[in-house]
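The values are calculated or read from the model by the stated rules, or taken from the named source; none is laboratory data. The structure presented is a predicted model; accordingly, all values stated were derived computationally and were not measured. Here the Cβ is made from the backbone with ideal geometry for all residues, glycine too, and neighbour counts use every protein chain on show. We work out accessible area using only protein heavy atoms, side chains counted, and drop any ligands, DNA or RNA first. Shrake-Rupley method; radii C 1.70, N 1.55, O 1.52, S 1.80 Å.
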Amino acid sequence: MDTLTVAAVAFKLRPVRGTGEYFAHLTDLIQRAYDGESDVVVLPELHVLELLSLVPDLPEHKVAPYLAQFADELEEWLKRISNSSDLVIVGGSHIRKEEEALYNVGILCRPGRAPLRYVKNNLTRYEREMWNLTPGRGLALADGLGVTVCYDSEFPAAALALGEAGAWVQATPAWTETVRGFRRVRNGLLARAVETQSYMVHASLVGDFGRAPVPASYGSSAIIAPSVEPFPEDPILEETALGEEGVALALLDRALVDEARSRGEVSNWDDRARGDWTVATPPADEVSS
């Protein structure tokens, strides 16, 4: 498709009494996106954390194995909702166990077609040291829509690889606990939009349980355009209220991406780094004056 209405979901964690309430929460938000006539819905990273309200005394190091038990049920639900609603769903992320390893994964669901799995490649220190997660390798792309998970978006290589493979929209499910964390992801996505001259979709998990592993959260969900003609001067096309649940909706046009890349006042995409930089360094025997 050359135009897409995209919904960036801000999912606010709340106590639930069972998996039924959790799936009802997801349903409500996807329904809001559907009512807004969206084609694509982007959910945030690790919305499955809501199920920790069922086990309030669970130690931090047992969180990932506990959440992994819901992976199959969640993926089947996402596939079913995608097929019944005719929506493309970027399913945020969840924990999945493969053999003896735990991963932060998600699925890109396309109506009537097999879903694509994506894995978080760059893990935070907490994910490595407390949850003992295993990093993934590779990226997911379908019909011009690519996916990076949270921390992955802070590194240009992933977005450039997706762009070179044909992505003109990139979705980033995210969960950030602090102002600095949120700014790293948001500022990274603003930069990725400039570098690739394409749209970025930032979907944030918000809310908290006041205790580890969700002592706090900070963020909003937004749809971002590159800072170049013919896009608006403000690159944030739509955004949810900070820290609040909501759905940001925007119509994205591939023709504007093509125009920006071919006729914009700068050519970031054509001028992207290809490893041909020369770095000058002082001579080894330099004596300071």
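Which percentage, to the nearest 5, of the DSSP beta bridges contained in the chain is antiparallel?
The antiparallel proportion sits near 60 percent.
Test of understanding: what is the full-extension gain from Asp143 to Asp2, defined as 0.36 nm times their sequence separation minus their Cα-Cα distance?
49.8 nm
Counting only C-alpha contacts under 8 Å and six or more residues apart, can you give the relative contact order of the stretch 1-151 as a whole percent?
Relative contact order here is 19 percent.
Taking 7 Å along the Cα-to-C-beta vector as the label spot, tell me the Asp253-Val55 distance in nanometres, rounded to one decimal.
Distance between label points: 5.0 nm.
With a 1.4 Å probe and all protein chains left in place, how much accessible area per residue does the chain have, in Å²?
47 Å²
Note the full-extension length gain between Phe155 and Asp35 as 0.36 nm times their separation in residues minus their Cα-Cα distance, in nm to one decimal.
Values: separation 120, 0.36 × 120 = 43.20 nm, distance 3.43 nm.
Computed gain between Phe155 and Asp35 is 39.8 nm.
Given a Förster distance of 45 Å, report the FRET efficiency between Glu229 and Thr27 from their Cβ-Cβ distance, rounded to the nearest 0.05.
Numbers: r = 40 Å, r/R0 = 0.89.
FRET efficiency, Glu229 to Thr27: 0.65.
Between Ala273 and Ala212, with labels modelled 7 Å along Cα→Cβ, what's the label distance in nm to one decimal, could you check?
3.5 nm
Among Val179, Pro65, Val41, which residue has its Cα furthest toward the positive end of the charge dipole of the chain, with +1 on Lys/Arg Cβ and -1 on Asp/Glu Cβ?
Pro65
Given the Cα-Cα distance of Asp86 and Leu242 and 0.36 nm per residue of separation, how much length would full extension add, in nm?
Going from the current span to full extension adds 53.2 nm.
Round to the nearest 10 and give me the degree value, 0 to 90, for the angle of helix 19-35's Cα axis relative to the longest principal axis of the chain.
50 degrees
What value, in deg cm²/dmol to 500, does the helix sum -39500 (n - 2.57) over DSSP H runs of n ≥ 4 give at 222 nm once divided by the residues of the chain?
-8500 deg cm²/dmol
What's the angle, to the nearest 10 degrees (0 to 90), between helix 179-196's Cα axis and the longest principal axis of the chain?
So the helix axis and the longest Cα principal axis differ by about 50 degrees.
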